[in-house]
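Q: Take this structure first; my questions come after.
Where a number appears in this text, it was derived from the coordinates with a stated rule and is not lab data. Bear in mind that the values here come from a model prediction, so they are computed numbers and not experimental data. Here Cβ is always computed from backbone atoms with ideal geometry, including for glycine, and neighbour counts include all displayed protein chains.
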Ligand SMILES: [Zn+2]
């Protein structure tokens, strides 16, 4: 099984703070400065730096810190094209919260087209960039904060991230912010020191163009996107607090470095019959306590964790993980099912109108064009996926957190 992650975010104070989007000038006002600041807020309940559309840099850090403080987690959703991308933003507008749109390496290749050879990850890279640009064009219209993220990247896949970093740097030069908000590196199969050394090297590059890093410790069980971790040793499923603290110190030494940690606590990708692996979110609570004691800091939750392999978890376990500083939960399996289930229902409902171009129960000459238009079943999938995400947002306390 592929093993999971909880993520810790560390926020290094920085003079190179990301510049939030500000108007070029402000109208003369007699309001006090605090009131003036409130006036520029896009969302009443969120930090002023967070605006509708793609959120990067300091605004992303502000958003995640706010989520940790307020006790909600953002749904992080794997997508495969504009249908699932739009379903994410439709859902976020419905539940009134932020959304994280996540591209996998395979998902990127799928967006570019299945017949492409994908030599040197050319299709994976082009598809992710195309998808990111789609989001950038439409996200503001949905009026919600959107985080653009990529999913698991193992050691042999690093050239994929290298090329996405090239794209981030080019975008940064032109727009003053990266194309993607964050990338995940999953070196959890390597020894701890090597895992963190590689992450640190990448974070040094990411920090220069305000990209946030998500890293993994331990292993998420199960199988996802062609990576099968079904045979991983059981102890890798449960991260030790000392390991998280080691990463916290190492990555925290990178100037302007911002990161979240996916530390495994028995989480598994996919949905399986219960009883195989036990989820132990207590590990995240113990880790926070360990770091707080080591650092002697006030903050009882110094790390930001992310939760992989959440599909099929009990609401109780999810809530307990959020209390331990989980600020994002990945959702893939459950939304895959929801999208399919929506199309399945559509076909079942209109079966007799979908057996030929002409002829249905209303008559042998009746045309069926409006039933087999691909937009109809795809829309049914989008709706079902968006509805499932509203339910996910409820589990994550992420409803009505904007205004
Ligand atoms: Zn994962």
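Q: Going by average Cβ neighbours within 10 Å, how do the peptides 172-183, 157-168, 66-77 rank, with the highest at the top?
A: 66-77, 172-183, 157-168
Q: Okay, helix-only estimate at 222 nm for the chain: each DSSP H run of n ≥ 4 adds -39500 (n - 2.57), divide by all residues, round to 500 deg cm²/dmol; what do you get?
A: Rounded to the nearest 500, it is -14000 deg cm²/dmol.
Q: How would segment 45-332 be classified by its alpha-carbon gyration tensor: rounded, prolate or oblate, with rounded meaning a/c under 1.5 and the a/b versus b/c comparison settling the rest?
A: Rounded, because the longest to shortest axis ratio a/c is under 1.5.
Q: Counting only DSSP beta bridges with both residues in segment 45-332, what percent are antiparallel, rounded to the nearest 5?
A: Restricted to segment 45-332, the bridges split so that about 10 percent are antiparallel.
Q: What is the helix-to-structure angle for 375-395, meaning the angle in degrees between its Cα long axis and the longest Cα principal axis of the chain, kept from 0 to 90 and rounded to the nearest 10?
A: Approximately 30 degrees, to the nearest ten.
Q: Another question about this same structure. Treat each spin label as a single point 7 Å out from the Cα along the C-beta direction, and report the residue 347 to residue 190 distance in nm.
A: 4.3
Q: Can I ask one more? Going by alpha carbons, how many degrees (0 to 90, nearest 10) lie between the helix axis of 241-252 and the longest principal axis of the chain?
A: Around 80 degrees separate the two axes.
Q: Give me the distance in nm between label points sitting 7 Å out from Cα along the Cα-to-Cβ direction at residue 94 and residue 173, one decimal.
A: So the label points at residue 94 and residue 173 sit 4.2 nm apart.
Q: Using a 10 Å cut-off on Cβ atoms, rank the peptides 79-86, 96-103 from the highest mean neighbour count down.
A: My ranking of the peptides, most packed first, is 96-103, 79-86.
Q: Separate question: Which order, highest average first, do 296-304, 282-290 follow once you tally other Cβ atoms within 10 Å for each residue and take the mean per peptide?
A: The peptides rank, most packed first, as 282-290, 296-304.
Q: Using alpha carbon centroids, what distance separates segment 355-403 and segment 110-170, in Å?
A: If you average the Cα positions of each part, the centres end up 26 Å apart.
Q: Angle, helix 82-95 long axis vs. longest principal axis of the chain, Cα atoms, 0 to 90°, nearest 10?
A: The helix 82-95 is inclined about 70 degrees to the chain.
Q: Rounded if a/c is under 1.5, else prolate if a/b beats b/c, else oblate: with a ≥ b ≥ c from the C-alpha gyration tensor eigenvalues square-rooted, which is segment 291-358?
A: In terms of gyration-tensor shape, prolate.
Q: Going by a ≥ b ≥ c, the root eigenvalues of the Cα gyration tensor, does segment 165-241 fall in the rounded group (a/c under 1.5), the prolate group (a/b larger than b/c) or the oblate group?
A: Judged from the Cα gyration tensor, segment 165-241 comes out prolate (a/c at least 1.5, a/b above b/c).
Q: Just want to confirm a number: the relative contact order over the chain, from Cα pairs under 8 angstrom separated by 6+ residues, in percent.
A: It comes to 25 percent, rounded to a whole number.
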